[in-house]
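The values are calculated or read from the model by the stated rules, or taken from the named source; none is laboratory data. Please read all numbers here as calculations on a predicted model, not as lab measurements. Using ideal geometry, Cβ is built from the backbone for each residue, glycine included, and neighbour counts are taken over all protein chains shown.
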Amino acid sequence: MSFTLNNVPKGPAFGPSPTSSCRPYDMPYTPFNKQDKLCRIADWISADDAPTYGQGGRPGQQQHQRAGQQQQQQSQRGGRQAGGGRNAPDAGADGAFGFKQEYDEASFATVSASGRTAAVVAPSASLLAARGGLSAMGGGRGGRGGAGAGGRGGRGGASAGGARAPLSNARPAGVSSGRPAGSSGGFRGGRGGYAGNFVPRVVRDASVNVQPEWSVVGELDLPRIYKHGAMDSIPEPELISMYGSVGTYSKVFDRVSTKNEMALAVSDRSNAKSSSPSTLEDPVLIELVETSAAGGLDKPTIFATDAILSQIMMAPRAVYSWDLVVTRLGEHVIVLDKRPGELDLASVNENANETPQDHPTDKEHPNNPGNIAIEATYINANYSQQVVDHDKRVSLGGEPPILQGVADEEKPSAAYMYKKYSFEDYMDVIVRTEVDAVTEMPGGKGGATAMATVRALNQVPGLPGNTGDWRKALDSQRGAVMATEMRNNTYKLARWITQALLAETDVLKVGFVARAAPRDVSRHTILGVTTYKPQEFATQMNLSMTQGFGVVYALMEAAVQQPPGKYVLLKDPNRQFLKLYQIPMEPLAPEFVVGPSDPFADCVPEVEEEHDGSDLDD
């Protein structure tokens, strides 16, 4: 059989020449939309194309032309029916690749328990319009975030008449959102979907005024570090020294309930408890810092208290802004402090969907965020001293140097342990941890004791996100109450657990305290106590110490590259970032000098006394 190759047109482009008179012949043709339903193997020659095959026509072309004519006729009638159009899934239903779904509605019925057949009733126009979609029936009332085409706009919606201009991301009335009508609104203007749960973003201020002369020398992306920067493992800490004595936890408080509540007593020992000295105010830590700075360390070493260290380790869970003073000494020493006079306040509902806000008119309102933080700190300090028996003290070491000058009747139940965590060749962390009490170990015999960390949660009436009055729900639904607190106070609870794990205490005693009267912040009652094991509690809250120390390591890497001096570590008020600022040393602001033993205390300029001229000679 001979084979003859047709003339191949020459040209710069691939394919036939645009001026060629050759037309495709015997080439099958089918639209093949991506939305076509392939229900059988392709048949290049359909029944209606058979007469024209071989006569200059293209198989499949007639059915495609008929589908286009049907579409044009439908558009001329003004009705865009469901499933019509070229790109619809049922396009060309009469063709070779068409698929037509048949509905047998005659046999449809709703079966009830009584055996009666219920009639299928179509929803009314008013009901459809009330669901907040852009309904074409009109006359309805727009739901939250929606509008009736001819009716009155519901809460958060706008009527079709358009009394309010649409937001930048909103669609004008009559424009489809691509979702079924009524999917975003609620019945009779009720709460809808995402728009119904929308909470306006609150822009918060920084905890310290950032001056123009401050320069950013480090920025830590907390979510990324917390996810990818975890340490391999946590080493066993080395106990450097231990001081202080603690009282024995009173079992009476384990029997407290909402029906047998107990008043919170004010203790003189709470002042020393709440005003715990910072790093460079602790004589033991000062001596360790000076020795390390003069001895020539071989790797970076961080000095901090457990309150400061937990603040950094759990920073990814923080919402409010806070700041710390970072002191760089020598080649490897990094000291973390809080600013002088600043208390470590316990926040309330910091992680709630709607955080507490200042009262618009009453600056002294008891539920303002600053006031409830002071109240929570006051409750914790008094509660930790009330639940222990000071007559049954257990000595864990010598007299604490940080309590020198405090009268015996004002010394709190507290023991201080100084520990060192050595992370191989990476860094060392020296931290002062704290124990609040000792208690009988569950199942122990004959005086077997366990060290305990004591904390208290408090409920503030009127705050959004609460589970209702604890007096009604705590005894019967304590698990639900605690779950709500774990959601609303994630950062505070995470810090407590971290402090307990750093101190290696055996139990964490959490009390539930409420106001005696809704607006009385001076009188409180204890409603119950729950006992947790710190490691199990950490597992419940998905808390990882390796991730926490990963944040500390990232801070160390940023700080050790800087020259000796003073820096400020600031938690960004509106983003999950930690920023390290270098502050001017000449002159150094007094608010960043921590105690008289601060190595840079001499950088603060002396304040000249003003003379009125009375001591001058005439």
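Any residue that is assigned to a loop (DSSP other than H, G, I, E, B), under 17 Å from residue 317 (Cβ atoms) and either modelled with pLDDT under 90 or of a type outside the set (Gly, Ala, Ser) (or both) - is there at least one of those in the stretch 189-206?
So in the stretch 189-206, the residues assigned to a loop (DSSP other than H, G, I, E, B) come out as 190-194, 198-206.
Next, only the ones that are under 17 Å from residue 317 (Cβ atoms) stay: 204.
Next, from what is left, pick out any that are either modelled with pLDDT under 90 or of a type outside the set (Gly, Ala, Ser) (or both): 204.
Within the stretch 189-206 (the criterion being assigned to a loop (DSSP other than H, G, I, E, B), under 17 Å from residue 317 (Cβ atoms) and either modelled with pLDDT under 90 or of a type outside the set (Gly, Ala, Ser) (or both)), the answer is yes, since at least one residue qualifies.
Restricting the stretch 288-346 to residues that are free of Cβ contacts under 8 Å to residues at least 24 places away in the same chain and not small (Gly, Ala, Ser), which is farthest from residue 553 (Cα to Cα)? Selected residue: 342.
Being surrounded by fewer than 18 Cβ atoms within 10 Å (Cβ to Cβ) and over 22 Å from residue 209 (Cβ atoms) is the filter here; which residues of the stretch 542-582 pass it? Within the stretch 542-582, 542, 544, 546, 557, 560, 561, 563, 564 meet the criteria.
When the residues of the stretch 587-597 are filtered to those that are hydrophobic (A, V, I, L, M, F, W, C) and not in a helix (DSSP H, G or I), the one that is farthest from the chain's Cα centre (by Cα) is 588. Please verify whether residue 279 is crowded, with 20+ Cβ neighbours inside 10 Å, within 30 Å of residue 407 (Cβ to Cβ) and touching a helix residue (DSSP H, G or I) at 6+ places or on another chain (Cβ under 7 Å), treating the condition exactly as stated. Yes; evaluated as a whole, the condition is true for this residue. Here residue 538 fulfils each of the conditions (1) small (Gly, Ala, Ser); (2) modelled with pLDDT of 95 or more; (3) under 24 Å from residue 284 (Cβ atoms) apart from (3).
Taken together, 417, 451, 427 contain a single residue that is surrounded by 20 or more Cβ atoms within 10 Å (Cβ to Cβ) and more than 30 Å from residue 271 (Cα to Cα), which is 427. Residue selection: residue 514 satisfies the criterion of being among the hydrophobic types (A, V, I, L, M, F, W, C), over 22 Å from the mean Cα position of the chain (by Cα) and surrounded by 22 or more Cβ atoms within 10 Å (Cβ to Cβ).
Of all strands (runs of 3 or more DSSP E) completely enclosed by the stretch 424-484, which ones contain at least 3 residues that are under 30 Å from residue 337 (Cα atoms) and modelled with pLDDT of 90 or more?
By residue number, 427-435, 449-459.
Kindly indicate whether residue 572 is among the acidic types (Asp, Glu) and in contact with a strand residue (DSSP E or B) (Cβ under 8 Å, 6 or more places away or on another chain). Yes: the conditions hold for residue 572.
Looking at the structure I just gave you, is residue 364 of a type in the set (D, E, K, R) and either surrounded by 13 or more Cβ atoms within 10 Å (Cβ to Cβ) or in contact (Cβ under 8 Å) with a residue 40 or more places away in the chain (or both)? Criteria not met by residue 364. Counting the residues of the stretch 239-257 that are among the hydroxyl-bearing types (Ser, Thr, Tyr) and either assigned to a helix (DSSP H, G or I) or crowded, with 18+ Cβ neighbours inside 10 Å (or both) gives 4. Looking across the stretch 482-502 at every residue that is surrounded by 24 or more Cβ atoms within 10 Å (Cβ to Cβ) and small (Gly, Ala, Ser), the one that is nearest to residue 419 (Cα to Cα) is identified as 500. Restricting attention to the stretch 211-229, which residues are surrounded by 15 or more Cβ atoms within 10 Å (Cβ to Cβ) and at pLDDT 90 or above? Residues satisfying the conditions are 214, 217, 218, 220, 221, 222, 225. In the stretch 485-508, which residue that is in contact with a helix residue (DSSP H, G or I) (Cβ under 6 Å, 6 or more places away or on another chain) and small (Gly, Ala, Ser) is farthest from residue 540 (Cα to Cα)? Of everything passing the filter in the stretch 485-508, 500 is farthest from residue 540 (Cα to Cα). Condition test on residue 617, is it under 24 Å from residue 303 (Cβ atoms), surrounded by fewer than 16 Cβ atoms within 10 Å (Cβ to Cβ) and at pLDDT below 95? Answer is no for this residue. Scanning the stretch 495-533 for residues that are charged (D, E, K, R) and under 24 Å from residue 266 (Cβ atoms) yields 509, 515, 519, 520, 523. Where strands (runs of 3 or more DSSP E) fall wholly inside the stretch 513-586, the ranges with 1 or more residues that are without any contact (Cβ under 8 Å) to a residue 40 or more places away in the chain are 520-532.
Here 276, 292, 321 are screened, and the one residue that is in contact with a strand residue (DSSP E or B) (Cβ under 9 Å, 6 or more places away or on another chain) and farther than 26 Å from residue 222 by Cβ is 292.
Close Cβ contacts (under 8 Å, 6 or more residues apart or on different chains) running from residues in the stretch 467-491 that are within 19 Å of residue 376 (Cβ to Cβ) and touching a residue at least 12 places away in the same chain (Cβ under 8 Å) to residues that are part of a helix (DSSP H, G or I) and aliphatic (A, V, I, L, M) comprise 467/473; 467/480; 467/481; 470/481; 474/481; 481/473; 485/493; 486/493.
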